[in-house]
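A.B. asks: The following block contains the structure, expressed as structure tokens.
Computed from the coordinates by the stated procedures, all read-outs in this text should not be read as laboratory data. Owing to the predicted nature of the structure, the values given are computational and were not obtained by experimental measurement. Note: ideal-geometry Cβ built from the backbone for every residue, glycine included; neighbour counts use all protein chains shown.
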Amino acid sequence: MSILVVGTVAFDSIETPSGSAERVLGGSATYFSFAASLFAPVRVVGVIGEDFPQEHLDLFSRRGIDIQGLKKEKGETFHWRGRYHEDLNVRDTIELHLNVLSSFVPRLPESYRETDYVFLGNIDPAMQLEVVDQLKHFRLLACDTMDHWINGSPKELRKVLARVEILMINDSEARLLSGEHNIVRAARAILKMGPKTVLIKRGEYGVLQFSDSAIFAVPAYPLEEVFDPTGAGDSFAGGFVGQLARTREPGQGGLRRAIVYGSVVASFAVEDFGPQRLSSLTAAEIEERYRRFVELTNFHS
Ligand code: AMP
């Protein structure tokens, strides 16, 4: 079962209370594809500039990720600079340079147009729509977004939401999108915009899943030290969609297990700066932490 992702491939400059990193590999499509490729084959749609080094592209290839849909354009690669507070759930965007992303029009290679699991990663909603319009077949369409697009492209974002089955979003962005402060009310309001399932990411507090008939909660895996939360959301999405694609398990049971796998992968992603930890992660490590996660949350009622 193949997975398609559209999103940013970036240079990130990051400051956290544990340290800083300058112009490391980042972007929503990068974290997602590194995570999802541990479960199923992944194809990436995105854009990079002429300054993007071959050694970064090699990291994608080493994971078996198909980068035919990653276009190199004249100009500089998307660059994001973020700073985390002592409370790692809070971060500020210090700089955002869209660069080659500002004029990007995604074109799917013919072989990508039939893909079973599609993730519209964090990118301009107009580009997310371009991708959906070119698909001839898919089984599942999920998406993510962030404050920049909720504020800047609300109309296009509403069109995306009307078409996706699953939205993954963090808690402050769910509040911003819905205009509701209470997270349950925010989720209910977002369900009315189109998605059948909303996954609300709450950083170190875990994830809440809402659908019309069910609510499910999973904690974040307790870690003694979080070095860099960047990409946790996209890694969660990669583990989640990856697990669904690997097993094709339908229904609530399948969704719940996929949420735990997403949480497991995200817990590894934050253990080092950039996607470093993900690029060395193995399937055996994922399974081992999955078992610990089951123990962590197991009780008899
Ligand atoms: P996450 O921590 O999972 O929410 O995502 C972090 C990634 O999002 C970073 O690697 C950034 O390069 C990327 N990013 C930051 N701002 C944007 C934006 N406005 N649109 C798309 N991607 C972004």
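A.B. asks: Does the stretch 14-25 contain at least one residue that is within 16 Å of the chain's Cα centre (by Cα), within 12 Å of the ligand (Cβ to nearest atom) and under 16 Å from residue 140 (Cβ atoms)?
C.D. replies: No, the stretch 14-25 contains no residue that is within 16 Å of the chain's Cα centre (by Cα), within 12 Å of the ligand (Cβ to nearest atom) and under 16 Å from residue 140 (Cβ atoms).
A.B. asks: What pairs can you find where one residue is in the stretch 158-175 and assigned to a loop (DSSP other than H, G, I, E, B), the other is surrounded by fewer than 18 Cβ atoms within 10 Å (Cβ to Cβ) and basic (Lys, Arg), and their Cβ atoms are less than 7 Å apart, with a gap of 6+ or different chains?
C.D. replies: 165/196
A.B. asks: Under 8 Å between Cβ atoms, which residue pairs at least 6 apart in sequence (or on different chains) link something in the stretch 16-32 that is acidic (Asp, Glu) with a partner that is part of a strand (DSSP E or B)?
C.D. replies: 22/13
A.B. asks: A further question follows. From the set of residues in the stretch 282-301 that are acidic (Asp, Glu) and surrounded by 11 or more Cβ atoms within 10 Å (Cβ to Cβ), which is nearest to residue 242 (Cα to Cα)?
C.D. replies: So in the stretch 282-301, the residues acidic (Asp, Glu) come out as 285, 287-288, 295.
Restricting the remaining residues to those that are surrounded by 11 or more Cβ atoms within 10 Å (Cβ to Cβ) gives 285, 287-288.
Working: 285: 16, 287: 14, 288: 17 Å.
Among them, the one singled out is 287.
A.B. asks: Related question: Which members of the stretch 42-84 meet the condition of being without any contact (Cβ under 8 Å) to a residue 60 or more places away in the chain and part of a loop (DSSP other than H, G, I, E, B)?
C.D. replies: Within the stretch 42-84, 49, 50, 51, 52, 53, 64, 65, 73, 74, 75, 76 meet the criteria.
A.B. asks: I need a count of the residues in the stretch 165-183 that are of a type in the set (Ser, Thr, Tyr) and either in contact with a Phe, Trp or Tyr (Cβ under 9 Å, 6 or more places away or on another chain) or within 13 Å of the ligand (Cβ to nearest atom) (or both).
C.D. replies: Of the residues in the stretch 165-183, 1 are of a type in the set (Ser, Thr, Tyr) and either in contact with a Phe, Trp or Tyr (Cβ under 9 Å, 6 or more places away or on another chain) or within 13 Å of the ligand (Cβ to nearest atom) (or both).
A.B. asks: Mind listing whichever residues of the stretch 82-115 are more than 15 Å from residue 20 (Cβ to Cβ) and more than 14 Å from the ligand (Cβ to nearest atom)?
C.D. replies: Those that are more than 15 Å from residue 20 (Cβ to Cβ) and more than 14 Å from the ligand (Cβ to nearest atom): 87, 103, 105, 107, 108, 109, 110, 111, 112, 113, 114, 115.
A.B. asks: Against the condition within 27 Å of residue 149 (Cα to Cα) and either within 12 Å of the ligand (Cβ to nearest atom) or among the hydrophobic types (A, V, I, L, M, F, W, C) (or both), how does residue 79 come out, does it pass? Before the answer, list the steps.
C.D. replies: Details: within 27 Å of residue 149 (Cα to Cα): yes; either within 12 Å of the ligand (Cβ to nearest atom) or among the hydrophobic types (A, V, I, L, M, F, W, C) (or both): yes.
Criteria met by residue 79.
A.B. asks: Going by the structure shown, is residue 270 closer than 26 Å to residue 41 by Cβ, surrounded by 20 or more Cβ atoms within 10 Å (Cβ to Cβ) and more than 13 Å from the ligand (Cβ to nearest atom)?
C.D. replies: no
A.B. asks: Hey, among 165, 156, which residue is more than 26 Å from residue 230 (Cβ to Cβ) and either over 13 Å from the mean Cα position of the chain (by Cα) or loosely packed, with under 15 Cβ neighbours inside 10 Å (or both)?
C.D. replies: Result of the check over 165, 156: 165.
A.B. asks: Being away from the ligand (no atom under 15 Å from the Cβ) and closer than 18 Å to residue 106 by Cβ narrows it down to one of 216, 210, 138, so name that one.
C.D. replies: Of the residues listed, the single one that is away from the ligand (no atom under 15 Å from the Cβ) and closer than 18 Å to residue 106 by Cβ is 138.
A.B. asks: On to the next question. I need a count of the residues in the stretch 220-259 that are surrounded by fewer than 23 Cβ atoms within 10 Å (Cβ to Cβ), among the hydrophobic types (A, V, I, L, M, F, W, C) and free of Cβ contacts under 8 Å to residues at least 60 places away in the same chain.
C.D. replies: Residues that pass the stated criteria total 3.
A.B. asks: Give 260, 294, 226 a once-over and let me know the one that is out of contact with any Pro (no Cβ under 6 Å at 6 or more places or on another chain), at negative phi and within 16 Å of the ligand (Cβ to nearest atom).
C.D. replies: 226
A.B. asks: Report, by residue number, each residue of the stretch 39-52 that is surrounded by fewer than 24 Cβ atoms within 10 Å (Cβ to Cβ) and away from the ligand (no atom under 14 Å from the Cβ).
C.D. replies: Initially, the stretch 39-52 is screened for residues surrounded by fewer than 24 Cβ atoms within 10 Å (Cβ to Cβ), giving 40-41, 43, 49-52.
Of everything in the stretch 39-52, those that are surrounded by fewer than 24 Cβ atoms within 10 Å (Cβ to Cβ) and away from the ligand (no atom under 14 Å from the Cβ) turn out to be 40, 41, 43, 50, 51.
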